[in-house]
Amino acid sequence: MKLRILRKLPTEEGQFWEEFEYSGPADYSVAAMLEDLNYRDDIINSKGEHVPRISWACSCLQSKCGACAMVINGTPALACETFLRDLGSSVTLQPLSKFPVISDLVVDRSGIQENLLNTSSFIKEYKESPQGEHGHQYTAAKCLKCGLCLEVCPNYKGGEHFYGALFANDCYLIATRSGVFDDSISEEYKKHFGSGCSKSFSCMDVCPMNIPTLSSMAKMNRRRS
Ligand code: FES
């Protein structure tokens, strides 16, 4: 199998493509393949050169943490739940493009948390949830903050006022878990999501947790009206 990785060394600015020949079990995930390559005594590219180990992030290897989000054969996905058998004879790996690249496939997603902090978007006091909200609250709370939804969003640019689907789901959780609807979260929702979403809902196609952001949006819009 031919493996192409868009790489960046931590000490250098530019990115570059590097190719490898890889043969491993078809039931390996992309994460297992990267681990396999990195555990070898030497990593050798397709030109026969000894090259640095491949930087990538993981924690759970069970689709639970979101750390391994990357672009695989042009599609944003989790490396630990994408399997070689589904990818064909050529695999291309790229870091998420909407975040600063630290090294190889590792990006800095701290902007997601900064957006929440800068808008004071967190639950200040838990109160009893409104009737009938528990089911969607449970689903919305599964968000991994992996950033896959932002990668495919036509409106999210990073560093601008539109914060994307994960912010909309957090606003919904804050609004309903705080018991009484809070006007300030409604304003933040409108400013950083409601007024900028063009409703392509491509975010829902790639969400590994299958979070129906459309429902969060509808529930928030109903509360605003
Ligand atoms: S390593 Fe945790 S989601 Fe892939």
Proximal aspartates and glutamates relative to Lys142, as straight alpha-carbon distance under 13 Å, when same-chain residues fewer than 8 apart are discounted: Asp170
Percent RCO, i.e. relative contact order, over region 138-202, from Cα pairs under 8 Å lying at least 6 residues apart: 38
Region 79-195, relative contact order in percent, only Cα pairs under 8 angstrom and at least six apart counted: 27
Cα Rg, Dmax, region 2-107, angstrom units: 12.8, 36
Ala26/Asp205 FRET efficiency (R0 35 Å; Cβ-Cβ; nearest 0.05): 0.90
Size of charge dipole - the chain - debye, nearest 20, with Cβ of Lys, Arg +1 and Asp, Glu -1, no other charges: 800
Tail weight of P(r) past 17 Å, computed on alpha-carbon pairs of region 50-133, percent: 62
FRET E, pair Glu114, Arg4, Förster distance 35 Å, beta-carbon r, rounded to 0.05: 0.60
Positive-end residue of Thr176, Gly159, Gly147, charge dipole of region 106-190 with Cβ unit charges: Gly147
Computed [θ] at 222 nm, deg cm²/dmol, the chain (DSSP H ≥ 4; -39,500 (n - 2.57); rounded to nearest 500): -8500 deg cm²/dmol
Calculated log₁₀ intensity ratio I(q)/I(0) where the Debye formula runs over C-alpha points of the chain, q = 0.13 Å⁻¹: -0.78
Linear extension gain, Ala141 paired with Ile102, 0.36 nm per residue minus alpha-carbon span: 11.3 nm
Contact order relative to length of the chain, as percent, for alpha carbon pairs under 8 angstrom and 6 or more apart: 18
Of Lys64/Lys219; Lys124/Lys157; Lys190/Lys219; Lys127/Lys219, those spanning more than 21 Å from alpha-carbon to alpha-carbon: Lys64/Lys219; Lys124/Lys157
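We did not get these values from a lab; they are worked out from the coordinates using the rules stated. Please read all numbers here as calculations on a predicted model, not as lab measurements. FYI the Cβ positions are ideal-geometry reconstructions off the backbone, even for glycines, and counts take in every protein chain you see.
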